[in-house]
1. Would you confirm whether any residue within the stretch 49-71 is surrounded by 12 or more Cβ atoms within 10 Å (Cβ to Cβ), among the small types (Gly, Ala, Ser), modelled with pLDDT under 65 and farther than 15 Å from residue 93 by Cα?
2. Restricting to the stretch 78-114, name every residue that is of a type in the set (S, T, N, Q) and at pLDDT below 70.
Amino acid sequence: MTTAMKRMILSAALVLLTTAGFACTNLIVGKKASVDGSVICTYNCDSFGFLSPLSYSAPGRHAEGEMIALRGWGANTGQRLIPQAEYTFRVVGLMNENQVSIVETTWGGRSELRNP
């Protein structure tokens, strides 16, 4: 990748990051797109009215039959129980200790701005 192309991508990314919005935003850079082979994954939940601290889940082994609650992110989401995995990794935010990450892009903006 040429230097000019890298500058163009960086400029486009900066424009996107400075644009006001009410949605979840992801910026993902693969190892072939970074200078040193780093993989970069960012996630910003900037939806209207959303405010939450960075979460942490400790790693651990779990007994057969143990259940875990699924929690929704919205105010009107219920909770349900599902079987727990035998082993879970340490998770900070949406990325585990092996740098496996989950990102999503949704829009949780103001209802009067919705376009059905």
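1. No, because not a single residue in the stretch 49-71 is surrounded by 12 or more Cβ atoms within 10 Å (Cβ to Cβ), among the small types (Gly, Ala, Ser), modelled with pLDDT under 65 and farther than 15 Å from residue 93 by Cα.
2. First pass over the stretch 78-114, keeping only residues of a type in the set (S, T, N, Q): 79, 84, 88, 96, 98-99, 101, 105-106, 111.
Answer for the stretch 78-114, where residues must be of a type in the set (S, T, N, Q) and at pLDDT below 70: 105, 106.
The values are calculated or read from the model by the stated rules, or taken from the named source; none is laboratory data. Keep in mind that what you see is a predicted model, and the values were worked out from it rather than measured. So basically every Cβ, Gly included, is an ideal-geometry build from the backbone, and we count neighbours across all protein chains shown.
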